[in-house]
Each structure stands twice: as C-alpha cells, then as structure tokens.
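Notes follow once the structure below has been shown.
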Amino acid sequence: MKTCTAVETKEIMLAVGTDKKLFGKTILVAEDVEMNQHLIRHILESSGAQVVIVKNGAEALEKVKKQIFDCVLMDVQMPEMDGIQATVNIRNLEDPLISSIPIIAISANCQPEDLLKYEEAGMDDFLAKPIVEAHLIDTILSNSGPSILGNADDSSFSENKLYDLTMIQSVSGGDKAFIKKMILLFIETVPQNVQELVDSTEKKNWEQVSKMAHKLKSTIDSMGIRTIHDQIRAVEMNAKNQEHLELMPNMVQQIESVVSVCIQQLRKEVDG
C-alpha cells in the first residue's frame, strides 16, 4: 500500500464522494416490512454505510452480541420481539460497549405518550414513518458521531487529524526524538502490513487476515486512530470466526483508506 500525497488525499475523498455522509459506519436495521427494509438500505448504502438487516427484535438482540455497530435503527412494532423489548434487553447486557449502542426508534406512532415510552425503554432518538432521507441521515449522525471522512471540504479535512499521539507523548516523557521515531516507524512499517491485510482479504485467506488485523490493532490504538478502532477488531474477529465475510472487503477498504490519510498527515507533522 503506497502512502498518500495531498493530491491523493483529495482523490480518496472524491472516490468516496463528498455526499457519503455515513461512510465507514455499520448500521443495524431491525424492520419486518420488506419495502421498508429495501428503502432504508438504499438510503444508507447510497450514503456510504454498511447495512445489516434483521426482521425482529430477537434477531437484533443476537446480532449486536456478535458484531459491532455504530447504531441501531429499531422499528417499534415487530413480530416475535418488538423494538421496545429488544431495546430494554440490549440496555441490560453486561458489555458496556454493546449496551450503550445508540438506538433510534422508528414508528408511525409519535404521540407524546409514545415518545415517552421509547425514551423509558432506553431509545436515544426517534424517526417518524414515512422515512425522510435527510432526517434519517442527520439523526444517525447526531447520535453516532461523524463518519470516518465526514463531509468536510479539503482544507478542513486535512486539518482534522485522524490520529492522536497522546499515548505516545505520555510514554515519551517529553522526548521529541522518541515521538518522531515512533511516527517514522509507523510510516515505514504499517503500509506493508495493511497491504498484506488487503491481499489476504482478496485471496480469502481468513486465517492470515485475522493475524494481520491482530498485529495492526495495537499499532492503530497506539497512534490513537479511533475512527477504525471498531473496524480492525471486527475484521479480526470475523476472520477468526469465519462470520460476516461479505462485510470484510468494505471494512478492510475503510481501514486502508484511513491509514493512508493518517500517513499523509503524519508525514506533514514530521516535516513540519
């Protein structure tokens, strides 16, 4: 994997599309009506998100235990287990990473007593049916935070660092030479590791994918690259367990893109 110049950084943004406001997000949709499933999937995928569909609350509960999501769109009225009960069950899970996931209620019932019921169940927000595209995207962003690349222009994007050197600076004890060495090591070694991750994914060598993701995980954490914190872990676990393999190419592509931009930004920091 080659690193990015400033021009190539712009090209990544253009390739993703500045309208891809949800790029990098993985969203679980719990909805039992096929037309609604198709509509929501189209809106979300057109905005750059990865989408997983389940048809009831019981399936949503099981899915969040196995895969990391940025948020859940939870229809309120579904068979087997409704959205209210599913939300209560998710909030009662022991793992705080799962139990705190943003959950957005979707319903045609929007009277004050309905909204209070959603809030008491632990739902973070509400979307009225029929779904309006702009409201859907804005509500997801307001509850789950900005996407990996966001919707910024070139200048604000380049200024928005995707890394955080706080941990390295803390360990350095103020030794600037140490910090610079760590940055250079990242620039010199990580592209090869990411390229091997990409190649192994293309070859469907899932054992090697899991090993490379595990290797990259600590490096990504050390450099404070939080935007792919969940993705690199999901890649590692999915490859290890041979699950959700259809999602792997997109997640690996996101990791590759973010690391490329980070390297360009880090080169700028070292040169500056």
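The values are calculated or read from the model by the stated rules, or taken from the named source; none is laboratory data. Just so it is clear, the model here is predicted, and its values are computed rather than measured. Here Cβ is always computed from backbone atoms with ideal geometry, including for glycine, and neighbour counts include all displayed protein chains. The area values use the complete protein model at the heavy-atom level, side chains included, leaving out ligands, DNA and RNA. Shrake-Rupley method; radii C 1.70, N 1.55, O 1.52, S 1.80 Å.
Treat every Asp and Glu Cβ in the chain as -1 and every Lys and Arg Cβ as +1, leave all other atoms uncharged, and give the resulting dipole magnitude about the Cα centre to the nearest 20 debye.
1060 debye
Could you compute Rg(Cα) / (2.2 N^0.38 Å) for segment 217-272, with N its residue count? Mind dumping the intermediate values first?
On the way: Rg = 12.9 Å, N = 56, 2.2 N^0.38 = 10.2 Å.
It is 1.27.
What's the magnitude of the charge dipole for segment 12-132 around its Cα centre, counting Lys and Arg as +1 and Asp and Glu as -1 at the beta-carbon? Answer in Debye, nearest 20.
460 debye
Pop out the ³J(HN,Hα) list for segment 69-78 in order, Karplus 6.51 cos²θ - 1.76 cosθ + 1.60 with θ = phi - 60°, rounded to Hz; leave Gly and Pro as x.
Ordered by residue, 3J(HN,Hα) equals 10, 7, 6, 10, 9, 10, 5, 7, 9, 9 Hz.
Among the lysines, select those whose C-alpha is under 19 Å from the C-alpha of LYS180, and discard any that sit fewer than 8 residues away in the same chain.
LYS161, LYS268
So how much slack lies between GLU133 and LEU39, counting 0.36 nm per residue of separation and subtracting their Cα-Cα distance, in nm?
Details: separation 94, 0.36 × 94 = 33.84 nm, distance 0.95 nm.
Net length gain for the segment: 32.9 nm.
In nanometres, what is the gap between the two model label sites at THR166 and ILE187, each 7 Å from Cα along Cα-to-Cβ?
The answer from the label model is 2.5 nm.
Among VAL76, ASN109, SER260, whose Cα sits farthest toward the positive end of the charge dipole of the chain (+1 at Cβ of Lys/Arg, -1 at Cβ of Asp/Glu, about the Cα centre)?
The Cα lying farthest towards the positive end belongs to SER260.
Given the -39500 (n - 2.57) contribution per DSSP H run of 4+ residues, what per-residue ellipticity at 222 nm results for the chain, rounded to the nearest 500 deg cm²/dmol? List each step's numbers first, then the result.
Working: 13 runs with 163 residues, N = 272.
Rounded to the nearest 500, it is -19000 deg cm²/dmol.
Report in % the part of the accessible area of segment 69-131 that belongs to carbon and sulfur, leaving out ligands and nucleic acids; probe 1.4 Å.
Numbers: 1570 of 3160 Å².
Of the solvent-accessible surface of segment 69-131, carbon and sulfur hold 50 percent.
On a full-extension model of 0.36 nm per residue, what is the gain between SER100 and GLN85, subtracting their alpha-carbon distance, rounded to one decimal in nm?
Roughly 3.9 nm would be gained on extension.
Can you tell me how segment 14-105 classifies by the Cα gyration tensor, rounded, prolate or oblate, using a/c under 1.5 as the rounded cut?
Oblate is the answer for segment 14-105, as a/c is 1.5 or above yet b/c matches or exceeds a/b.
How far is helix 6-16 tilted, in degrees, relative to the longest principal axis of the Cα atoms in the chain, given as a value from 0 to 90 rounded to the nearest 10?
For helix 6-16, the angle is close to 20 degrees.
Give me the accessible area per residue for segment 18-152, probe 1.4 Å, as a whole number in Å².
Normalised by residue count, the accessible surface of segment 18-152 is 47 Å².
May I ask you to give the solvent-accessible area per residue for segment 180-234, in square angstrom, as obtained with a 1.4 angstrom probe? Mind dumping the intermediate values first?
Details: 2730 Å² over 55 residues.
Result: 50 Å² per residue.
For LYS203, list the lysines whose Cα falls under 18 Å from its own Cα; do not include residues on the same chain fewer than 8 positions away.
Within the straight-line cut-off, LYS203 pairs with LYS211, LYS240.
In terms of the Cα gyration tensor, with a ≥ b ≥ c the square roots of its eigenvalues, is segment 32-79 rounded because a/c is under 1.5, prolate because a/b exceeds b/c, or oblate?
Oblate, because a/c is 1.5 or more while a/b does not exceed b/c.
Put one equal scatterer on each alpha carbon of segment 63-108, apply the Debye formula with no solvent term, and list log10 I(q)/I(0) at q = 0.16, 0.22 1/Å to two decimals.
The Debye formula, applied to the Cα set alone, gives -0.40, -0.74.
Can you tell me the 0 to 90 degree angle between the C-alpha axis of helix 133-144 and the longest principal axis of the chain, rounded to 10?
Taking the Cα atoms of the chain, the angle to 133-144 is about 60 degrees.
Determine the order of HIS214, HIS244, HIS38 by accessible area, beginning with the largest, at a probe radius of 1.4 Å.
HIS38, HIS214, HIS244
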